[in-house]
Amino acid sequence: MASSTDRTIALKEFDDTKTGVKGLVDSGMTSLPAIFHHPRAHLSMPAATSHLSIPTVDLSVPRPIAVDLIRSASRDWGVFQVINHGIPLSTIQNTTSAIRSFHELSAAERSQFYTRSRDPGFSYNSNLDLFLSAAATWKDTLRVSFSPIRPDVDQIPEVCRAALVTWDECQKEVAREVMQMMCEGLGVDPKRLEAMTCLEGRTTVAHYYPPCPEPDRALGTVDHTDAGLLAFLIQDQIGGLQVKSETDECWVDVKPIPGALVVFVDNFQQ
């Protein structure tokens with residue numbers, strides 16, 4: 001078994017490449033480095049309960065109905081999918097395509113943006129908690145902090161700049177609408193949450209999961225709870241996303257719906 005010193009050296013060597021796990025794949029690596037080995041007890045995806053599914057809220061239905069659906073979904077699940085939210089499918093597809101294009105730039109191009117700085121703006125790295133976690137996860141991540149401090153958009157790589165700026169503008173409007181409906185469901189002023197600056201602090205986080213040489217020994221993402229009042233997730237059509245039902249104490253598959261946004265709600269109470 002490798003010592004903690006050996007592991008620290010291996011982590012630093014990986015980080016110093018500035019090309020993430022995509023760089024390992026491009027190098028032709030056929031075995032998984034030890035820094036990515038997760039305890040086998042945590043590797044199998046939890047068996048999902050087939051008779052349960054998270055709610056889907058159609059924002060095109062009469063507003064009182066949508067408000068009631070969001071209230072019950074937030075209270076009972078803390079997560080739901082929204083459809084007919086006003087963001088064109090083409091915008092969602094352009095966003096995911098642009099993100100993929102960045103992650104598939106050449107190593108030389110990507111490495112120019114690699115950083116562990118927490119400063120506002122654009123950043124790209126592999127595993128934000130690389131030197132703190134028990135095992136690294138098999139993903140690379142780009143982040144753009146759009147608010148409260150507006151970034152210099154020229155710092156965002158050109159290959160994904162326009163798409164990410166457009167995405168932020170679109171998701172902000174959907175977030176405003178959802179928050180207003182949440183307020184209405186709670187019986188308070190529809191603009192209460194926005195007045196509390198809950199539309200501020202917007203950050204776009206985009207993960208990239210390249211093919212893994214030993215997927216049975218690695219994880220792309222560990223189970224976690226998202227921070228913030230709302231988190232919007234674009235899910236591709238591959239699937240794999242699961243959420244835990246606290247009521248039934250089981251895991252539930254979130255089946256992909258083309259064009260839908262998965263909405264996670266933090267601490268919604270009635």
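Between C183, C198, which is open to solvent by less than 70 Å² (accessible area, probe 1.4 Å) and either among the polar types (S, T, N, Q) or modelled with pLDDT under 95 (or both)?
On inspection, the qualifying residue turns out to be C198.
I'd like the full set of residues that are part of a loop (DSSP other than H, G, I, E, B), closer than 23 Å to V82 by Cβ and modelled with pLDDT of 90 or more, limited to the stretch 201-233.
Within the stretch 201-233, R202 is the sole residue that qualifies.
Are any residues in the stretch 149-171 among the polar types (S, T, N, Q) and more than 13 Å from F113 (Cβ to Cβ), and if so, which ones?
T166, Q171
Could you list all residues from the stretch 206-260 that are loosely packed, with under 14 Cβ neighbours inside 10 Å, among the β-branched types (V, I, T) and touching a Lys or Arg at 6+ places or on another chain (Cβ under 8 Å)?
Once the filter is applied, which keeps residues that are loosely packed, with under 14 Cβ neighbours inside 10 Å, among the β-branched types (V, I, T) and touching a Lys or Arg at 6+ places or on another chain (Cβ under 8 Å), the stretch 206-260 yields only T221.
Taking the conditions exactly as written (free of Cβ contacts under 8 Å to residues at least 40 places away in the same chain and surrounded by 14 or more Cβ atoms within 10 Å (Cβ to Cβ)), does F122 satisfy them or not?
Criteria met by F122.
For K191, state whether it is open to solvent by 50 Å² or more (accessible area, probe 1.4 Å), more than 30 Å from A218 (Cα to Cα), under 17 Å from the mean Cα position of the chain (by Cα) and not β-branched (V, I, T).
No.
I need a count of the residues in the stretch 61-103 that are touching a strand residue (DSSP E or B) at 6+ places or on another chain (Cβ under 8 Å), open to solvent by 40 Å² or more (accessible area, probe 1.4 Å) and assigned to a loop (DSSP other than H, G, I, E, B).
Total meeting the criteria: 2.
Here is a check on your reading of the model: is V222 touching a residue at least 24 places away in the same chain (Cβ under 8 Å) and within 26 Å of I156 (Cα to Cα)?
Considered against the rule, which asks whether it is touching a residue at least 24 places away in the same chain (Cβ under 8 Å) and within 26 Å of I156 (Cα to Cα), V222 comes out as no.
What do you reckon, is C170 in contact with a Gly (Cβ under 9 Å, 6 or more places away or on another chain), under 30 Å from P64 (Cβ atoms) and without any contact (Cβ under 8 Å) to a residue 60 or more places away in the chain?
No: the conditions fail for C170.
What are the pairs, 6+ residues apart or on separate chains, where a residue within the stretch 133-161 that is under 19 Å from K22 (Cα atoms) has its Cβ under 7 Å from a residue that is open to solvent by 60 Å² or more (accessible area, probe 1.4 Å) and hydroxyl-bearing (S, T, Y)?
Going by the 7 Å Cβ cut-off, the qualifying pairs are W138/Y209; K139/Y209; R143/T203.
In the stretch 129-179, which residues are of a type outside the set (D, E), in contact with a Lys or Arg (Cβ under 7 Å, 6 or more places away or on another chain) and open to solvent by less than 30 Å² (accessible area, probe 1.4 Å)?
If the condition is that a residue be of a type outside the set (D, E), in contact with a Lys or Arg (Cβ under 7 Å, 6 or more places away or on another chain) and open to solvent by less than 30 Å² (accessible area, probe 1.4 Å), then F146, S147 are the ones that fit.
The values are calculated or read from the model by the stated rules, or taken from the named source; none is laboratory data. Just so we're clear, the structure is a prediction, and the values are computed from it rather than from any experiment. Glycine also receives a Cβ, built like all others from the backbone with ideal geometry; neighbour counts cover every protein chain displayed. We work out accessible area using only protein heavy atoms, side chains counted, and drop any ligands, DNA or RNA first. Shrake-Rupley method; radii C 1.70, N 1.55, O 1.52, S 1.80 Å.
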